[in-house]
Every structure is written in C-alpha cells, then in structure tokens.
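Working notes for the structure below.
No value in this document is a laboratory result; all are computed from the given coordinates. Keep in mind that what you see is a predicted model, and the values were worked out from it rather than measured. Quick reminder, even Gly has a Cβ in these numbers, built from the backbone with ideal geometry, and neighbours come from all protein chains shown.
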Amino acid sequence: MTSSSVSFDTFVEVEVKPPGAAQVVRVELSKLAGQLPTRVVAAVVVLAPFAVAGVLKAQGAVPADTLFGRWVHTSGFALPLVVLGFAGSWGFPVLAGLVAGDVFAGEDRHDTWKLLLTRSCSRGEIFVGKTLAAATCAVLMVCALALSSLAAGALVIGTQPLVGLSGTLLPPGHSLALVLLGWSIALLPTLGFVSLALLISVATRSSVMGVLGPVIVGAAMQLLSLVGKGEIVRTLLLSSGFDAWHGLFTANPYYGPVGRSAAVSVGYIVVSLAVAWIVVRRRDFAGSDAGWRSGWVVPARALAVAGAAVALLAVASSWGPKSVTAGRLEASISTTFSNLAVYQQKLLGRRVPAGAGLDVLPTCKRRGVSTPYSGQGDDWHCTLDVVGRQARQMPIGFDVNVRANGCYTAEGPPSVIGPATIRTRGRGVVPNPLFVFDGCFDTS
Amino acid sequence: MSTAVEALGLVKCFGAIRAVDGVDLTVRPAEIRGLLGPNGAGKTTLLRLLFGLIRPERGSVSLLGRQQDGTDGRLDGVAGFVEDARFYPYLSARHNLELLARLDGLGARGRVGELLELVGLAKDGGRKVGTFSTGMRQRLGLAAALLRAPRLLLLDEPTAGLDPEGTREMRRLLRELAASGVTVLFSSHDMAEVEHVCETVTIMRAGQIVWDGPLTALRAEAPVPEHRIVTSDDVRAAELARTLPGLRLEADPERGLRVSADAERLDAFVIALGRAGVAVRELELAESPLETMFFRLTSQ
C-alpha cells in the first residue's frame with residue numbers, strides 16, 4: 001500500500017449525493033453487459049434470424065408446422081412472425097430466464113449481497129433497480145429479435161404482401177405495422193416471465209433455478225393449454241399471451257385476447273414482484289447461509305406445491321366456456337377458404353372482380369369422440385359446400401387440426417383443390433394457398 | 001453527534017444459538033475501536049447488525065447519530081466490509097470500483113485511480129477480480145470502503161490474508177484514517193494487532209460483551225506477564241525462585257519453566273540465577289498481559 005502519497009482529508013470532504021434506483025439500473029445493466037450469457041443471448045437474437053432466413057432460402061423448405069411458416073418464401077414479413085411464434089413457445093421463457101434468473105441469485109453465488117447492501121442505496125432502491133434492469137434488458141432483447149427478424153425477412157426474402165390468417169392479402173406497410181404490433185404484444189407476457197424468473201431467483205437463491213425456472217413454468221403452461229376444453233384456465237396461463245397477436249392478422253381483427261393477455265401479464269408481474277420484494281425485504285443476509293435451510297426439504301416442498309398446483313389447474317382446465325367450438329371454426333374456415341380461393345385465382349392469372357368471393361356453407365365436426373362439436377384436436381373434419389351458379393353445390397372435405405388457441409390447419413383433397421404448388425404468371429412456382437392453409441378464430 | 005456507533009440491547013438468534021446476546025456498544029467519533037473475540041464470539045454478526053444486513057430480535061442501532069430503520073435505510077457516511085471482501089469476479093478491479101462509485105453517488109467516481117494507488121493495486125486495476133488473491137481482495141475491499149468518503153468504517157478482520165508488509169500498511173492506514181476524523185470499528189481475534197492500532201477495545205464472548213473500555217484500563221487489570229525461561233539447571237532455578245517474593249514459577253509443558261512476575265522481580269530472578277551459576281539460555285514473553293487478560297475473559 002502507498003498511503004503516504006495520499007491525503008485523507010480529500011476522502012472525508014467529498015460530497016456524496018444519494019444515487020437512487022436510476023444509478024442501480026445503470027450498474028445492473030453494466031453488470032449484465034459484462035456477463036457471458038447476456039452477450040451470447042444478444043448475439044443470438046441479432047444473428048439467428050439471418051441464419052434461419054439463409055438456411056430456409058438455401059433449402060427451399062418451409063416450417064409448415066408454425067403459423068405463417070408456409071409463406072416464408074412468399075413474403076419477408078412471414079419470417080418475423082414465424083420467429084415470434086417459435087419464441088412464444090420456448091424463446092421468451094428461455095430469454096427471461098437467461099436475462100433475469102441470475103440478477104438476484106448471482107449476488108448469492110458471488111457472495112456480493114453484502115457489497116451491494118453496504119453502499120448508499122436502500123434495499124428498496126436495489127430491488128427496483130435490479131428489476132428495472134432485468135426488464136430493460138429483456139425488452140431490448142425482444143426488440144432486437146423483432147428488428148433482426150424483420151431485417152432478415154426483408155433482406156433475404158423481400159417485402160412482398162403477406163397472406164393473412166383469413167386469406168386476405170396484407171400490403172407491405174400494413175404487414176409491417178401488424179408485425180411490429182404483434183411483437184409489442186409479446187412484451188408484457190415476456191415481462192411476466194421475467195418477473196417469475198426474478199421471483200424464483202430471489203426465493204431459491206439459485207442461479208440454476210432462476211434460469212431454468214421460467215422454462216419449466218413455460219413448459220408446464222404449454223402442457224396445461226393442451227388439456228381440457230375450458231377457456232378460464234387457458235386465459236389465466238401467462239404463455240397464452242404469446243398467442244394474443246393472432247387476431248390482428250384476421251379479416252375481422254379481434255383484440256379480446258390482447259386485453260386479457262395484458263391483464264393476466266400485469267397480474268403475474270405484480271404478484272411475482274410483490275412476493276419477491278417481501279422475500280428480499282425480510283431476508284437476513286447472515287452469510288454462510290446461516291439460518292437458510294438447505295438440503296432437500298425446501299426444494300421438495302416447493303416441488304410438491306408446484307405439482308399440486310399443476311394438477312389442480314389440469315383438473316380445472318375443463319371449467320368455463322368451451323374455447324373451440326364447431327360454430328367458431330365454421331365461421332372462420334369458410335371465410336378463409338373463400339378469400340384464399342380468390343387469391344389462388346389471382347395467382348393463376350385469372351381476373352377476379354373486386355369484392356368477389358365464394359358462397360361457402362361449412363359443416364364441421366369431430367370424428368370418433370363423444371363431444372363432436374367442441375374441443376381441440378386433429379380429428380376435426382369440415383365439409384365446405386361451395387355454392388356455384390344455379391345453386392349447384394360442390395362439397396369439399398378438409399381434415400382440420402384445431403389447437404386450443406383457436407388456430408387451425410386445414411388440409412384439402414388434391415383432386416379438388418390442386419397440387420401443393422401452382423405455376424403462376426410472372427412469379428414462377430408458389431405454394432397452392434388452398435392445399436394446406438392456416439387460420440385463427442377468437443376463442444372467447 | 002456525540003456517538004458514532006450506539007447499539008443498545010442488541011439480540012440476534014440463529015435457531016437456538018444466541019449469536020449476539022444483549023450487546024450495548026458505544027463508539028465515539030474519530031475513535032479507533034478494536035472488536036475482539038475468539039471465533040464464534042459474535043463479532044461478525046454484530047457488524048452485520050450494525051450494517052443492517054440482518055435484523056435484530058431486539059435492540060436498536062444508531063450510526064453517526066442516525067437511528068437505523070430496520071434493514072431498509074441508507075448507510076450514509078458508513079462503509080466497510082464483513083467477513084472477506086467480495087466483488088464481481090468477471091469484472092476488473094477498476095470496473096468494480098466504478099460501479100460501486102455509482103452506487104455511492106456520482107461524486108465518488110473520480111477517485112477510483114487514486115484509491116487503487118492507495119491500496120497498492122494501481123498496476124492490477126485492469127485485472128479481473130476473479131484472479132485476485134485473498135489479500136488483494138482485502139486491499140480492494142478497503143478501497144471500496146474509502147470510495148464513499150466514510151465518516152465511519154466498520155471492518156471485519158481487515159488484515160486477514162494480508163502479508164506482513166500489507167498488515168503493517170493496513171494498520172498505519174487505519175491510524176491515519178482515525179487521525180483524519182474517521183471513526184473506525186474493526187474486528188479481530190488477534191490481541192497484538194489491536195494493541196498496535198487501538199486506544200479502546202471491546203471484547204466479546206459467546207455473543208456478549210465481557211470487556212469494554214480503554215486499553216490502559218485493561219492493562220491495569222491484567223495480571224503480571226508470564227515468561228518462559230530455559231536454564232542450564234531448571235531444578236536449581238526452581239529452588240531459587242521459591243526464595244524470592246512476588247514470583248510464581250511452574251514447569252512449562254513443552255520445555256523449561258514459566259515465570260509470572262513483574263519486570264523488577266523478573267530482573268532480580270535473572271540476576272540471582274547468574275550469581276548462583278545457573279545460565280539463562282532462553283527468556284521470552286510467553287503471553288503478554290493483554291493476551292492473558294483476553295484469554296481469561298474469553299475462556300468458557
């Protein structure tokens with residue numbers, strides 16, 4: 001040490017201003033930026049969409065099991081929606097875990113709580129600062145992923161009009177606005193998962209649990225959404241919010257899921273953060289885990305409570321109004337089919353008068369089940385009677401896979417609707433829009 | 001402000017263990033106070049209570065004249081560390097201090113380089129703290145504590161892990177800080193270290209304070225010093241000792257004899273040995289009076 005060269009008077013006379021939560025946010029963002037996982041996530045969200053776009057373009061294949069997947073070669077706006085759909089299943093919970101799961105538990109891992117709590121900030125400021133930093137980082141990552149997906153789609157595929165979920169063609173400007181709106185709708189559920197990650201991080205004091213916890217919760221919610229026919233539990237699942245943007249892309253947009261998703265997400269955020277704050281506020285930072293019950297008792301109890309909650313929700317998943325019904329499916333599929341039929345004719349170079357459409361009489365029911373007019377499943381069959389001139393009807397049968405979120409995939413008979421691809425005038429070979437098509441309807 | 005630290009009736013339990021048991025502690029401004037005690041005496045727990053890292057079951061804490069409100073209040077003017085100093089290992093020493101400076105208010109940011117130089121880490125400022133030794137982290141801990149211009153320093157075994165030169169410098173630094181008006185309360189289990197640095201001392205045992213006051217008062221209450229003496233004829237030396245007043249002698253379990261006497265009587269004993277033809281081969285202080293006192297106070 002070289003104390004002789006320094007005057008101590010300078011140290012005792014320096015004016016120190018109370019830093020507040022804003023400084024904590026800056027510090028926490030700086031710490032996050034210094035950590036390898038954050039850098040890896042940042043690199044992935046920026047580069048992965050370009051890699052996906054490049055691979056899809058090179059292979060010529062399409063991710064047909066994802067909404068808008070079959071249009072990735074037709075419009076660059078499909079790619080960000082494919083990425084959004086995939087991120088809603090796994091990406092956002094993983095991102096939330098990686099960004100927020102270590103924010104509190106990292107202080108336990110490095111034994112640095114005492115370093116933080118012996119500065120000029122109160123516990124409240126540190127909690128608020130850490131929470132805001134995690135939220136800011138997560139929002140930045142989501143925005144980066146959205147913009148890089150958009151850029152990748154536009155640069156690699158192009159900015160052609162997008163075929164919506166009711167079979168209508170959405171102009172590029174409208175598509176861009178809807179894509180941005182769709183991604184912004186995913187922000188609140190993502191912040192819900194960030195809050196869960198923070199809560200798990202605080203409660204378990206484990207970085208591993210903080211990172212994996214949101215992923216496990218997300219997976220459990222995905223499973224719960226697959227069982228039961230009721231709307232109540234599905235609405236209360238945080239992961240359902242990632243499907244709320246579907247309604248924007250239909251001919252008659254529905255915004256109910258957006259509002260419900262926002263309310264549910266805010267509920268998760270408020271409850272998670274309130275519980276996390278109580279835990280932090282009441283915690284004794286006694287060092288060496290004094291007073292902290294380690295071992296298997298606490299994790300076993302938590303696991304038992306979580307298991308009981310999942311079981312209860314699984315039982316309750318059939319409560320409430322039925323989300324998937326024959327009436328809703330019939331209304332949606334007839335409109336979508338009619339619009340896509342018009343689009344198909346345009347692709348084939350035939351003149352279609354403005355406002356033209358088909359009169360379609362749909363009949364949908366499930367096969368081989370006790371409840372033939374409700375519930376998700378791949379056993380739906382819809383017969384679309386197309387009313388032609390002189391009231392002649394041409395029935396077309398579609399096998400339909402309907403999911404709990406109200407989206408479906410319909411597959412028609414090639415003998416009637418043509419092959420998987422069609423040759424167009426001027427645009428070469430494109431997917432036959434009627435061969436297999438997707439649609440969505442409001443489940444509420 | 002009449003007191004820098006005022007703790008009244010502090011009680012802290014961990015399960016069935018009363019780690020701090022009814023502690024009253026007062027430290028005056030600009031005082032340098034040693035907090036002594038064997039391992040498990042409750043020193044670190046007391047410092048954690050003062051920092052507000054843990055909540056007491058009973059009692060109150062006032063730092064720099066301001067009542068500490070549970071664990072939610074700011075620690076304005078108070079700095080230090082408990083147990084060993086810890087930092088973010090994936091960041092450099094300089095980056096760690098810069099972040100801490102932000103948490104202390106913008107005014108402190110400019111002194112990072114100066115403080116790294118002060119604690120002898122100027123050359124290592126760019127290294128990640130994960131590569132630092134315990135001693136280097138202790139030095140960085142002191143720099144982090146000084147960053148915020150504290151008026152009260154609470155340090156938990158600040159010389160732990162330091163080499164002899166670092167220990168000497170740390171002691172000098174603490175004295176200089178106290179001379180500049182900073183109140184220092186530091187814990188140690190080494191009586192000799194406290195003797196070097198402090199004017200007053202608080203000794204803890206099993207969560208309770210068993211002595212609190214100036215070192216001079218402790219010395220006054222201390223027994224006569226005990227020396228170990230090795231002679232050419234220990235049997236003869238023992239016989240001779242019995243003839244001298246104010247001298248207590250017993251066999252040392254390892255080697256030679258243990259003599260308890262004040263300086264004058266010890267001198268007389270050594271001279272008598274020489275006159276009797278008994279050579280003194282070794283003579284050393286076995287235990288200082290303060291150490292003896294410390295062990296007496298802290299033995300169960």
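Side notes on the structure shown:
- If R0 equals 45 Å, the separation of the Cβ atoms of B:Arg296 and A:Thr136 corresponds to a calculated FRET efficiency of about 0.15.
- Partner chain coverage, peptide B:162-170 - average Cβ within 10 angstrom: 1
- Rounded to the nearest 10 degrees, the angle from helix A:207-226 to the longest Cα principal axis of chain A is 30 degrees.
- Going from the residue with the fewest nearby Cβ atoms within 10 Å to the one with the most, A:Leu117, B:Leu36, A:Leu226 rank A:Leu226, A:Leu117, B:Leu36.
- In terms of the mean number of neighbouring beta-carbon atoms within 10 Å, the peptides B:24-32, A:98-106 order highest first as A:98-106, B:24-32.
- Mean separation of Cα contacts under 8 Å (6+ apart) over length of the range A:91-179, as relative contact order %: 21
- Considering only alpha-carbon pairs that sit under 8 angstrom and 6 or more positions apart, the relative contact order computed for chain B is 20 percent.
- Convex hull projection area averaged over all views, the range A:315-373, Cα basis, nm²: 6.2
- Report summary: the helix-based calculation at 222 nm, which adds -39500 (n - 2.57) for every DSSP H run with n ≥ 4 and divides by the residues of chain A, gives -17000 deg cm²/dmol.
- Long-range tail of P(r) for chain A (Cα pairs > 30 Å, %): 52
- P(r) tail for the protein assembly as shown: Cα pairs beyond 41 Å make up 51% of the total.
- Packing-based ranking, highest mean first, of A:305-318, A:261-274 given that Cβ atoms within 10 Å are counted: A:261-274, A:305-318
- Computed from the C-beta positions of B:Arg55 and A:Thr363, the FRET efficiency with R₀ = 41 Å rounds to 0.05.
- Shielding value for B:93-100 is 3, the average number of Cβ atoms from other chains within 10 Å of each residue's Cβ.
- Across A:Lys130/A:Lys322; A:Lys31/B:Lys12; A:Lys31/A:Lys57; A:Lys114/B:Lys123, pairs whose alpha-carbon gap is larger than 29 Å: A:Lys130/A:Lys322; A:Lys31/B:Lys12; A:Lys31/A:Lys57
- Here is the P(r) of chain B: all C-alpha pair distances, binned every 10 Å from 0, give 6, 24, 27, 20, 13, 8, 3, 0 in whole percents.
- Straight-distance crosslink candidates among aspartates and glutamates, where the alpha carbon sits under 20 Å from B:Lys128 and sequence neighbours closer than 8 are dropped: A:Glu28, A:Asp102, A:Glu107, A:Asp108, A:Asp111, B:Asp84, B:Glu98, B:Glu114, B:Glu117
- Tilt relative to chain B, helix B:134-146 - C-alpha long axis, 0 to 90 degrees, to 10: 60
- Among A:395-408, A:345-358, A:412-425, the order from most to least packed when residues are scored by Cβ within 10 Å on average: A:395-408, A:412-425, A:345-358
- The range B:12-165 - percent relative contact order, Cα under 8 Å, separation 6 or more: 25
- Within 10 Å of the Cβ of each residue in A:21-29, the mean number of Cβ atoms contributed by other protein chains is 2.
- Helix A:326-347 vs. chain A, principal-axis angle (Cα, 0 to 90°, nearest 10): 70
- Using only the C-alpha atoms, the convex hull of the range A:222-274 corresponds to 84 Å³ per residue.
- Cysteines having no other Cys beta carbon under 4.7 Å from their own, within chain A: A:Cys121, A:Cys137, A:Cys143
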